[in-house]
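One structure below.
The values are calculated or read from the model by the stated rules, or taken from the named source; none is laboratory data. A quick note: this is a predicted structure, and the numbers were derived from the prediction, not measured. Glycine gets a Cβ as well: all are built from the backbone with ideal geometry, and neighbour counts include every protein chain shown. With ligands, DNA and RNA removed, areas are computed over all heavy atoms of the protein, side chains included. Shrake-Rupley method; radii C 1.70, N 1.55, O 1.52, S 1.80 Å.
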Amino acid sequence: MVVLHRRLQHAFFSWGWLLPTVLPIAQVLGRAVFSILIVLYVLWGTLSLYGQQKSIERPVLGLFIGLLLAFLMSVPGAEDLGRAWHKWLKYLVYSMSFVFTLVALQQGQENFEHLCRAFALAGVGLLVVLYLHLAYVLWSSAEFDPAQQLKEDNLPFLLPFLLHGLLQAEFRKYRILLGVALLSSVLFYTVLSEGRAALLALTVALVCYGALVMGWRLRSLLLPAMLATVALIGMMTVIHVESPEKDKETWTEIVDRISSGRTVLWRQAFVYPPESVITGAGMGNARYAEEALTIGEQGQVRHFHNLFIDAWYETGLLGLAAMTGWLLFMLFRAWRDWRKSAAENRQQIGLLLSASAAILTAAQLGPSYASSLVSVYLMVIFAALTDCHGKIQKTLFTLGKQ
């Protein structure tokens, strides 16, 4: 048994810890494939942690445990207790990717590049699978509904890793051509999917990558990015949403129309708040708030399409405070590390911040706090940021002793 455990442990920390990078492809292949891989990953990782050297800073560990406990506090008062427990356990399983990734990154200096390379390869694989899926949908479906049939959510946060992989590749002769092809394929699919959250996240990812990794001036990036985003969103809105009384629309109605009703949901969340503002309605229980989640003729939706409002409504002020504290601590510390780091470390942190910005931008308009985008991929990226911080602190300590 000891020999078997050591083999499993060695295999996990050699390559098994990189399984989250395959999950974006698994999501396109089907929910069953994704579920099997994530369960395998968590069971394997949990077994591998036993006897493995671990080092997690107290503030980080405290905030991480506090986040889980704050979400747990929403469970007892939930209307559907079984669903709340299921959602919390699911979040616990997903968020363990933070611990596994951090421990794995601490095993070797080269593991950071392995992670970035794996995400880049996953991005290429995802593009191939998405376009094959698109071809299948166009060939087999009588009606093409891009908003429902296309799956663009993971492209924005993978784009920085794709660009990083392209810059690290040896074939420099074709780098510009491949870069144009890469950006064009990602942008075309995102626009075709009509995913405005993904389109905005993609723009933010590119701006952050240009400023934080490439060192381009933010002023030269921000204006064209904003103009492109507004133009594309406006174009999509005008083409696909016709208002019979367009001339009589108020500013609120215009914003509601452009946001596809998201702003209506956000207002209704405060008009019809949960019974307990402190602990919320319970994880996964927002769907039972029919009045708050009903949008005119569209009917009822599942959640509020906003990371913070979803967290507040389902886990209360406790969950919202824990989530906000976790995000602010990780992001502001990474920003400080980026500012005081050398060129190589700046590029690494800038890459991770670009991917984080893409996820958090999309989460303001779509994916919830318990989605795989936030509870798996963002956790992996935060683990990499934590590892970078540890390396910077060691370097500064060594220089101080000298």
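Once the C-beta distance of R172 and S276 is scaled by a Förster radius of 60 Å, the resulting FRET efficiency is 0.55 to the nearest 0.05.
Please work out the C-alpha center-to-center distance from segment 310-377 to segment 165-184 and express it in whole Å. Distance between centres, Cα-based: 28 Å. Calculate I(q)/I(0) for the chain by the Debye formula, one identical point scatterer on each C-alpha and no solvent, and give its log10 at q = 0.12, 0.13 Å⁻¹ to two decimals. Taking Cα atoms of the chain as identical point scatterers yields -1.05, -1.23. With 29 Å as the limit on Cα-Cα distance, the pairs of K87/K151; K87/K391; K90/K151; K54/K90; K54/K340 that go past it are K87/K391.
On average, how much accessible surface per residue is there in the chain, in Å², for a 1.4 Å probe, leaving out ligands, DNA and RNA? Working shown, then result.
Values: 20650 Å² over 402 residues.
For the chain, the solvent-accessible area averages 51 Å² per residue.
To the nearest Å, what is the center-to-center distance of segment 1-61 and segment 111-158, using C-alpha atoms only? Taking the Cα centre of segment 111-158 as reference, the centre of segment 1-61 is 23 Å away. Plainly put, segment 52-132 has a radius of gyration that is 1.12 times its Kirkwood radius, both from alpha-carbon atoms, as the Rg/Rh ratio.
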